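To keep things clear, I will list the structure first and then write my remarks on it.
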Amino acid sequence: MTLDKITRDDVLRSIDEYKLIGQKSFLDKYGYGPSVRYLIAYQGTAYDAKAILGVAHKFSQGKALRPENFSGGQSHTIQTLRNLGFEVQDSLSRVSRISSRLLFKQFGGQCAFSGCSTSYLRDGTPLLEIARISSTNPASPRHEPGVIPNAPENLIVLCPTHHSLIDRDPSRFTVRWLKNLRSQRIAQFEIRYETPSTATNTRTTVDLPECIQVWEQEKGNSDEEFWQSYFQDRPETLALALEGRAYCLKSKCYVGGKTVENKQGNEIDFLAQHRSNAALLEIKPPTTDLMASKYRGNAILPARDLIGACMQILEYKNSLAFNMHALSFASSDLQAFDPRALVIIGNLEAEEMNDIQLRSFELFRNSLNGIRIITFDELFNGLRQWLDLTGNNG
């Protein structure tokens, strides 16, 4: 088996067959699952990269490759396709800086939801994210085969709260609904503004580029205490993940004892207070494994530490609710009507999951009720995207 003999024409013939019989029939015929991460972007449509290359082998050397015959990662499939002149998109990569700033201008530096009271940092920088309207990932809220993840028409600017809202209720916020919202808001700002008044180079009170630089240097650090201290010293790095609720952090809080000031009970890494609600944070190092062994078929088990962190924060959330009266009596500023639970754990990029592992991970975390799992690389890529979007990245 060799990929070196496959030509660009072989890949194009594979794409033609894919288009002729459709994604599902093509993948079923050759034994592949949908690609969760790497996609060929060709003539406005996305194609499953590994499956396309495996079938191209048939046109090159007479027999299609099975998925277990070769790797679908950077060093094999992706490099081969790029060497042949194809654009391969990584669904985990962030939008380019140029595209980010264009989006910021198109949406007037505001959330696409009309009337949204977007959260801001103390210096006036808006908390905004770039959201994908649809995804080729079958585990995503709005699955749409063939969509190019980072195509401009698939991107919308939202505050973290509305981003979370649309993903929690995809039956209401459909692809069509979001595309209409996108078109309306862009048209509105094209009429009302020449340039958005908020698109100035403002600076946050924490040096976020420095925060990202520390992450790049320490991403292999497995010391849990280091990362707890990191976020304690740099709470604004959590602003997007907590939808603006990262301004008043209490470190090593007790949520099931006498008080929230270290006086017995269940100990949570962080409790973030914002207005009339709270968020519970459990932090595990970026070196923590996310997925474990194969269970059966295409089902991969979550790693023990991931399951443990989820169970732990559920216990904290239940304990906080049960003991709320006593805790609020001791700390009058504490309110938690519907506390959020966030687990920061692992590093998707470093773990280099295959499509089956990544699909199982997404299915697991999307099935959780009341817990949000975010990996370190997602958190810091989000910060980079935010800096690109708001013009704070130079």
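The values are calculated or read from the model by the stated rules, or taken from the named source; none is laboratory data. It should be emphasised that the depicted structure is a prediction, and the values quoted were computed from it without experimental measurement. When we count neighbours, we look across all protein chains shown, and the Cβ atoms used for this are built from the backbone with ideal geometry, even at glycine.
Key figures
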read-out: Members of segment 134-144 that are modelled with pLDDT under 85 and not small (Gly, Ala, Ser); value: THR136, ASN137, PRO138
read-out: Test: residue in segment 16-34 that is buried (at least 17 other Cβ atoms within 10 Å of the Cβ), in contact (Cβ under 8 Å) with a residue 40 or more places away in the chain, more than 22 Å from MET353 (Cβ to Cβ) and outside the structural domain of LEU128 (by TED's automatic domain parsing); value: no
read-out: Residue match in segment 47-58 (condition: surrounded by fewer than 19 Cβ atoms within 10 Å (Cβ to Cβ) and either in contact with a Leu (Cβ under 8 Å, 6 or more places away or on another chain) or over 22 Å from ALA139 (Cα atoms) (or both)); value: yes
read-out: Segment 69-105, residues that are of a type in the set (A, V, I, L, M), in a loop (DSSP other than H, G, I, E, B) and either modelled with pLDDT of 85 or more or over 29 Å from LEU387 (Cα atoms) (or both); value: LEU84
read-out: Whichever residue in segment 106-133 is at pLDDT 85 or above and not in a loop (DSSP other than H, G, I, E, B) and, among such residues, is nearest to ASN154 (Cα to Cα); value: ARG132
read-out: Neighbours by Cβ (under 6 Å, 6+ apart or cross-chain): first from segment 92-118, under 17 Å from HIS162 (Cβ atoms); second assigned to a helix (DSSP H, G or I) and modelled with pLDDT of 85 or more; value: GLN106/ILE186; PHE107/ARG185; CYS111/HIS162; ALA112/LEU181; ALA112/ARG185; PHE113/HIS162
read-out: Residues (modelled with pLDDT of 85 or more and of a type in the set (D, E, K, R)) located in segment 189-243; value: GLU210, GLU216, GLU218, LYS219, ASP223, GLU224, GLU225
read-out: Verdict on LEU65 being assigned to a helix (DSSP H, G or I) and not acidic (Asp, Glu); value: no
read-out: Residue among ASN318, ASN266, ASN262 that alone is surrounded by fewer than 20 Cβ atoms within 10 Å (Cβ to Cβ) and either at pLDDT 55 or above or within 24 Å of the chain's Cα centre (by Cα) (or both); value: ASN318
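Yes/no matrix, rows are residues, columns are (1) at pLDDT 85 or above; (2) of a type in the set (Lys, Arg); (3) buried (at least 21 other Cβ atoms within 10 Å of the Cβ):
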{"residue": "PRO286", "(1), (2), (3)": "yes, no, yes"}
{"residue": "ALA292", "(1), (2), (3)": "yes, no, no"}
{"residue": "ALA303", "(1), (2), (3)": "yes, no, no"}
{"residue": "ASN323", "(1), (2), (3)": "no, no, no"}
{"residue": "ALA336", "(1), (2), (3)": "no, no, no"}
{"residue": "ARG359", "(1), (2), (3)": "yes, yes, yes"}
{"residue": "ILE371", "(1), (2), (3)": "yes, no, no"}
{"residue": "GLY394", "(1), (2), (3)": "no, no, no"}
